[in-house]
């Protein structure tokens, strides 16, 4: 213990002194009225350093010794330190526990952070059972365990799974059964978080009915498979959470098309309007394939082209200036050898901003986002217009280097200066797996599955009403 104290004293004595807060003074007053025994002479900061070295389990045990130790051990800074050493990033943990812990409707706690007990949060997070996460995108599905660092597997999405002529219920049941078999997990043991693909965009009655039917079918299938609790959330919303935001515009570059989705406090604003551009990752891959064929570059499959797109292509900040540069680059594809590309490296991503290059008659990406912003401003949903000035990119193609910078530049040149002030474009924080990590953030909350999941009894009760999402 003496060597431990000398080590801690050295680390504390070398730190610059800081002004004590009112909470620190109150704590010192309480400590002055009680006793920690032989530790009374040790400064509070050194006691905290000792507890950090002991670790969370041993520190928690000390809270049962006496009131003084209970007060010391419950210090928020101590448990923030322990949470910062978790696998998940501290920024994500802090965002989740202050913005998402109460579920829908979202209730931020920025002014009540001092009232939160991070010791209690740490203990609750340690007891969270974990969940199965299935990100059912339109291109392919990513699945895994919420306690894992990343998805453990990929498969065809349920939109394209099995016989497309089969009833939706049968296909979904086959799809979920296949995922559970691959993960070697019993359906009755853990909750599940499912991301729902962005589809049926409109605010029309038929689109609402289609969304409701899909969500009800997902719940029905999973509860019939004895899953204890189900959380089904829109894919764009999860991507927004992964970027540690609750409001903004999510630009999801999907497999077949690109969706521009306005979200306010975690809810998709369909009345404002979801913009759709009929161009996605598959179109970019096809464009690069045509360019390679024109140059007589031989390749075995479309997978090779996609690999080159992901590893060699980028978006130029100034397209015209890039044309005069030497942009040649090479990449080795396993079992096929080296490939060398030049201008097609940046021409591929350029079709998002100039669809006419690919012979496509559609809105450009910047036009779709600017139109969405105009609609958000006109709707006057809040007194603060800053909520829609955060643009979050999601999807594998959104990871192209330079895409976020180029979109931000185009938006500043396209819309009025008053509206463009404060616009930021955030690239995918977790690459192509943003929605999966958004689901992971929710499933590791200290309050999960409580406010986020529905159980079978609730579903049966609410099945007569609309399931809004």
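The values are calculated or read from the model by the stated rules, or taken from the named source; none is laboratory data. Every value quoted in this text rests on a predicted model; they were computed, and no experiment measured them. Glycine gets a Cβ as well: all are built from the backbone with ideal geometry, and neighbour counts include every protein chain shown.
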Exactly one condition in (1) more than 17 Å from residue 120 (Cα to Cα); (2) surrounded by 18 or more Cβ atoms within 10 Å (Cβ to Cβ); (3) at pLDDT 80 or above is not met by residue 46; state its number.
-> (2)
Only one of 421, 397 that is outside the structural domain of residue 221 (by TED's automatic domain parsing), over 21 Å from residue 148 (Cβ atoms) and in contact with a helix residue (DSSP H, G or I) (Cβ under 6 Å, 6 or more places away or on another chain) | 397
Residues being free of Cβ contacts under 8 Å to residues at least 60 places away in the same chain and under 17 Å from residue 245 (Cα atoms) - total across region 390-409 | 1
Can you find even one residue in region 204-218 that is in a loop (DSSP other than H, G, I, E, B) and over 27 Å from residue 253 (Cβ atoms)?
-> no
Mind checking which helices (runs of 4 or more DSSP H) fall wholly inside region 236-335 and carry at least 3 residues that are touching a strand residue (DSSP E or B) at 6+ places or on another chain (Cβ under 6 Å)?
-> 302-312
Is at least one residue of region 222-235 within 16 Å of residue 431 (Cα to Cα) and modelled with pLDDT of 90 or more?
-> yes
Verdict on residue 221 being outside the structural domain of residue 426 (by TED's automatic domain parsing) and touching a helix residue (DSSP H, G or I) at 6+ places or on another chain (Cβ under 7 Å) | yes
Looking for whichever is surrounded by fewer than 23 Cβ atoms within 10 Å (Cβ to Cβ), within 18 Å of residue 234 (Cα to Cα) and either modelled with pLDDT under 95 or under 21 Å from the mean Cα position of the chain (by Cα) (or both) here; the options are 185, 159. Which one fits?
-> 159
The correct count of residues that are assigned to a helix (DSSP H, G or I) and within 14 Å of the chain's Cα centre (by Cα) in region 222-235 is 1
Residue 442, sole failed condition from (1) surrounded by 23 or more Cβ atoms within 10 Å (Cβ to Cβ); (2) assigned by TED's automatic domain parsing to the domain that holds residue 195; (3) over 19 Å from residue 247 (Cβ atoms) = (3)
Please report, ordered by residue number, the helices (runs of 4 or more DSSP H) entirely within region 357-463 with at least 3 residues that are farther than 21 Å from residue 238 by Cα.
-> 365-379, 403-414, 417-420, 456-462
Can you name the number of the only condition in (1) touching a strand residue (DSSP E or B) at 6+ places or on another chain (Cβ under 8 Å); (2) at pLDDT below 95 that residue 430 fails?
-> (1)
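Every residue, every condition in (1) in contact (Cβ under 8 Å) with a residue 12 or more places away in the chain; (2) surrounded by fewer than 18 Cβ atoms within 10 Å (Cβ to Cβ); (3) closer than 26 Å to residue 140 by Cβ, yes or no:
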residue	(1), (2), (3)
273	yes, no, no
279	yes, no, yes
285	yes, no, yes
312	yes, no, yes
319	yes, yes, no
328	yes, yes, no
331	yes, yes, yes
349	yes, no, yes
360	yes, yes, yes
